[in-house]
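**Q** Got a structure for you, written out below as structure tokens; questions coming shortly.
The values are calculated or read from the model by the stated rules, or taken from the named source; none is laboratory data. Source: prediction; values computed, not measured. Ideal geometry is used to build each Cβ from the backbone, glycine not excepted, and the neighbour counts take in all protein chains shown. All accessible areas refer to the heavy atoms of the entire protein, side chains included, with ligands and DNA or RNA removed. Shrake-Rupley method; radii C 1.70, N 1.55, O 1.52, S 1.80 Å.
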Amino acid sequence: MTKFLTRNTELPSYMVFPKFLLDSELSETAKLLYMILLDRTRLSIKNEGWTDKQGHVFIYFTISNLANTLHKGEMTIKNCLTALENSGLIVRKRQGAGLPNQIYVKIPESNFCQTDKKLSIEQTANCPTDGQKTVCRIDKKLSTSNNEE
């Protein structure tokens, strides 16, 4: 059963989808995998001790656990990890035989100075151009009939 959201609705746990992935050439599975890795990295940031000597945060996530999480095959996960590594979004550091890799999740530097100027037509219709005064819709006098001026 579903219900409508209200201002007091508690949202279920969710993951953040980075906007820069929308323009990425990565597969949808690789994008979801990155989102999961980024979410796990946020947990590592909160927990002490998940950083290396340089202060870089890392995570452990085995291929089999990633495959189970995404309901995909291990080969698909391996291909997606390689694609993420080739695109510079993650770095994997080998730990040795039988041990999981340390995974460092990275964010493109251009993402830090990015603005939301790329808006849809509906969104730009409500946005004033630079230098234009904004008027709240509530403050406008709205007419209830065509005869009233």
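**Q** Under a point spin-label approximation (7 Å from Cα along Cα-to-Cβ), what is the ALA97-LEU70 distance to one decimal in nm?
**A** Using points 7 Å along Cα→Cβ, the separation is 2.8 nm.
**Q** Here is the link list: LYS19/LYS78; LYS78/LYS106; LYS3/LYS31; LYS31/LYS106. Which ones come out longer than 22 Å on Cα distance?
**A** LYS19/LYS78; LYS3/LYS31
**Q** When the accessible area of the range 1-42 is split by element with a 1.4 Å probe, what percent falls to carbon and sulfur?
**A** Reported share for carbon and sulfur atoms: 57 percent.
**Q** In square angstrom, what is the accessible area per residue of the range 19-112 with a 1.4 angstrom probe?
**A** Normalised by residue count, the accessible surface of the range 19-112 is 63 Å².
**Q** In addition: Can you compute the radius of gyration and Dmax for the range 15-59, using only the Cα atoms, both in Å?
**A** Rg and Dmax of the range 15-59, Cα atoms, are 12.4, 34 Å.
**Q** Using Cα pairs under 8 angstrom and six or more residues apart, how large is the relative contact order of the range 50-104, in percent?
**A** Across the range 50-104, relative contact order equals 37 percent.
**Q** Then there's this: Defining a contact as two alpha carbons under 8 Å apart and six or more residues distant in sequence, what relative contact order in percent does the range 1-95 show?
**A** Computed value for the range 1-95: 25 percent relative contact order.
**Q** Between THR2 and LYS78, what is 0.36 nm times their sequence separation minus the Cα-Cα distance? Round to one decimal in nm.
**A** So the extension gain works out to 23.8 nm.
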